[in-house]
Every structure is written in C-alpha cells, then in structure tokens.
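Engineer: Before I ask anything, let me first share the structure, which is written out below as structure tokens.
The values are calculated or read from the model by the stated rules, or taken from the named source; none is laboratory data. This structure is a prediction, so every number in the text was calculated from the model and none was measured. Neighbour counts run over all protein chains shown; Cβ positions are idealised from the backbone, glycine included. Surface accessibility is based on the protein's heavy atoms, side chains included, excluding ligands, DNA and RNA. Shrake-Rupley method; radii C 1.70, N 1.55, O 1.52, S 1.80 Å.
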Amino acid sequence: MEAELFLIRYLHVLSGIMWIGILWYFNFVQIPSMPKIPDEQKPAIGKVIAPEALFWFRWGAFFTVFFGLALAWRMGYLMDALTLQQPNIGFGMWLGLIMAFNVWFVIWPAQKIALGIVEADAALKPAMARRAMLFSRTNTMLSIPMLASMISAQNPIM
C-alpha cells in the first residue's frame, strides 16, 4: 500500500508541476512577450508552440485532478475534503477542480478558436483569445491559494 500511495502522490505532484508550470509560463512569459515578437514570427507561436503547450497544459490539469482524487480516495479523506470537513485540503481540492474546469471547458475551447484549430468567424478570434487569457489569469491567481491549501494540509500548524 505504501508503494501505491507513493506512486499516486508522485504522479499527482509531477502532473501538478507540469500544469502549474505551463500556466505560469503562459501568464508570465508567453502572453507578455507576444507584443515584442515580430509579426512574421508570431505564426510559429500560434501554430507550433501554443498548441503543444496547451496539449501538456490540459492533460497536466486532467492528471493532477485524477491522481489527486485517487490519492484522497485511497487515503480515506475524499468525502471529508469535498464537503469541507477537512477544509485545508478541501479548499485546495475545490480550487483545483474549478481551475481544471476552466482549462477544459473555457480556456481550451476558446484557444481552439483563437488559434484557428477549429473553424470560426475571424471576428470571433480576438474575443476568444481574450476570454482564454482572462480565465488563464484567473487560474494563475487561484493557483496561489490552491497550492497554499495543499501545502498546509500536509504541514498542519500544531
């Protein structure tokens, strides 16, 4: 059982680093750098880098949640956390679930339109890019209390 829990926790943390790392890359590197990139080079971002980063971003989110829920279930505190009877980990779990929802049901659909991965009216692309950016910024802000909650659950104040 210890080896199984170690593996699940390891995969949860690894996936979380992937997800939050790319989230912070988008918000602190890629988005602020876009105005500095010459127009002739921007297609490389939209056609190569962003779609690849978004692939790892959304699957990092999925597997972080998957392994986090699996860990909570195996440790026996899933329902207590989700019902906030264990608020430290519970708030972190809820913030993570909200963030993952944003990734899969707001950011990714908007980015598919903004990047031209799916067909859409050209006038819609800037609005979808802005929507994806705003929800990504929201997730960046949520990531701080989410991570603090996860850490506090593992390191309680005596």
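Engineer: Per q in 0.12, 0.19 1/Å, what log10 I(q)/I(0) does a Debye calculation on the alpha-carbon atoms of the stretch 77-153 return?
Structural biologist: Taking Cα atoms of the stretch 77-153 as identical point scatterers yields -0.43, -0.74.
Engineer: Relative contact order (percent) for the stretch 1-148, with alpha-carbon contacts under 8 angstrom and 6 or more residues of separation?
Structural biologist: 27 percent
Engineer: Quick one: helix 2-25 against the long Cα principal axis of the chain, what's the angle to the nearest 10°, folded into 0 to 90?
Structural biologist: 30 degrees
Engineer: Taking Cα atoms, how many degrees apart are the long axis of helix 87-102 and the longest axis of the chain, rounded to 10 and kept between 0 and 90?
Structural biologist: In the chain, helix 87-102 runs at an angle near 20 degrees to the longest axis.
Engineer: Another question, if that's okay. In degrees between 0 and 90, to the nearest 10, how far off the longest principal axis of the chain does helix 124-154 point, with axes built from Cα atoms?
Structural biologist: Once rounded, the angle reads 20 degrees.
Engineer: Round to a whole number: what % of the accessible area of the stretch 2-152 belongs to carbon and sulfur, probe 1.4 Å?
Structural biologist: Result for the stretch 2-152: 72 percent of the exposed heavy-atom area is carbon or sulfur.
Engineer: Tell me, in nm to one decimal, what length is gained between residue 5 and residue 84 on full extension, where the rule is 0.36 nm per residue of separation less the Cα-Cα distance?
Structural biologist: Extending this stretch completely gives an extra 26.2 nm.
Engineer: Taking the Cβ of residue 137 as the center, what net charge do the other residues with Cβ under 13 Å away carry, scoring Lys and Arg +1 and Asp and Glu -1?
Structural biologist: Cβ neighbours under 13 Å give a net charge of +2.
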